[in-house]
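This report concerns only the one structure given below.
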Amino acid sequence: MAKGALLNFILLALLVAGGHSATFIYSSNKCTFPVWIAASPSIGLTEFEYGRDALHVLKTKEQWSGSLWLMTGCTYNHHGKFMNFTCATGDCGMKDGYCDSSPPTYPVTLLNFNISHSVVTYEVSLNHGFNVPVRIEPVGGTGSCRTVDCARNILDVCPADLQFKDSKGRLLGCRSACDALKDPKYCCTGDYSSPQACHPNHYSQIFKQACSLAHTYPGDTNPPIQQCTGATYSGHSATIFYSLNMCKYPVWMSASPSIGYSMSEFDQDTLDIFETPEQWSGSIWLRTGCVKNDTSFTLTCATGDCGTNDDLCDGPPPTYPVTLLNFNINHSVVTYEVSLNHGYNVPVRIEPIGGTGSCQTVDCIYSIFNVCPAELIFSNSKGAFVGCQSACDALKDPQYCCTGDYSSPQACQPNKYSQTFKQVCALAHTYPGDTNPPMQQCTGANYNITFCPL
């Protein structure tokens, strides 16, 4: 790690209540080098290498107590198989690359969590040294929801007798005094195990001067262990979208124009995260009823197909009908709506997390299929009902499209079809001139997107 590095690794954790009780931890790697994330005890990690600027999601159990850390300087063969996977710091001894239960080789910066449903206690700990700067930053929630971090590079101040170097003499980490010197007074063991005898030492004080919000020796309680209920944990400057598929079937998420993120199959109960460019205006939607042809390697979808014949649909517009989630993003200022102007295929919800302004939740959570007029029904090649078209797309009548003589605000009025949609989904826009509710504008928020929220 280069000296003078600033904040490198950020954890973002969302406590999802209601229909989904698991705790999700979002991790963003801002290091200038790849890292590998690990956990003990296991949380079922399936991700390995995190490239620069990578953003990933970890799903924990409803009740879990353990540590997360990063492995750095990892090497493996270049044929895709972890034949002899080893890391310079944080190695857990698992040669196949699956490091999701075994404890690390120190030094590592530890992120310790105790999760009991929506109540989470957490700390950044240097009790076993330092290898990467980190931050945990809650937004919202109740309780002592304080940001904790070690954002400075401890390598800049690491005493010579704590330095951890590789075979070439490069400084990779800084060990704790306990792990390096094995002295009971630094480990708070033996005669030093009581709270009265376990005190800061000159090594822990060096750590504390650099990282005042981290715990630096076994008896350190300053700051206290944080406990937060129902919070979102943030620490990333871009707008982040947390998308959860609660439909009972797989879907394929898509965006137009491209947001630079490859979206593909999205199974039931899958949570994914993505971020948009700082300035972006466009639509997100779901493809449903997709079928892969193993011979031609093509993918076609019953609704929302974008004509790419590929898993990835991140640019071309969709084939209607689709439920559209429209966003206009200008740095931290975001306007958004749920639109049925091009029909309906999946129930959705947009829910801002934090932020200021008219940050109202908007959605269409009930099935339009139950009220879809016969002339708007959209069926697949087998005659199955898969979507409900808008009156404009199905009937091509200017009065429904608000075009021609109906293009003015005065002439563009609700119609019997849009009113049917509105009765079911009052918070969605149902025809081109619909401004009830107004377009929402929210500053400084992130967003939950839930498909089939009920």
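Each value in this text was obtained by applying a stated rule to the coordinates, not by laboratory testing. What you see is a predicted model; the values in this text were computed from it and never measured. With ideal geometry, Cβ positions are generated from the backbone for all residues, glycine too; neighbour counts draw on all protein chains shown.
Between residue 423 and residue 361, the C-beta separation translates, for a Förster distance of 22 Å, into a calculated FRET efficiency of about 0.70. Reducing the range 267-330 and the range 137-212 to their Cα centroids gives an inter-centroid distance of 46 Å.
Calculated from the alpha-carbon coordinates, the chain shows an Rg and a Dmax of 25.8, 90 Å respectively.
What aspartates and glutamates could a cross-link reach from residue 422, if we take a straight Cα to Cα line under 16 Å and drop same-chain neighbours fewer than 8 places away? Output for residue 422: 337, 363, 434. For the range 240-451, take every pair of Cα atoms, bin their distances at 5 Å starting from 0, and report each bin as a whole percent. Result returned by the calculation: 1, 7, 15, 19, 20, 17, 12, 6, 2, 0, 0. For the residue pairs 185/208; 30/168; 165/185; 30/165, the C-alpha atoms sit more than 21 angstrom apart in 30/168; 165/185; 30/165. Packing-based ranking of 64-72, 384-392, 364-372, 195-203 yields 64-72, 384-392, 364-372, 195-203, ordered from highest to lowest mean Cβ neighbour count within 10 Å. In a fully extended conformation the segment linking residue 202 and residue 61 would gain 46.9 nm over its present Cα-Cα distance, using 0.36 nm per residue. Averaging 1/r over every pair of different alpha carbons in the range 304-353 and inverting the result gives a Kirkwood radius of 12.5 Å. This ranking places 162, 395 by how few other beta-carbon atoms lie within 10 Å of each, fewest first, which gives 395, 162.
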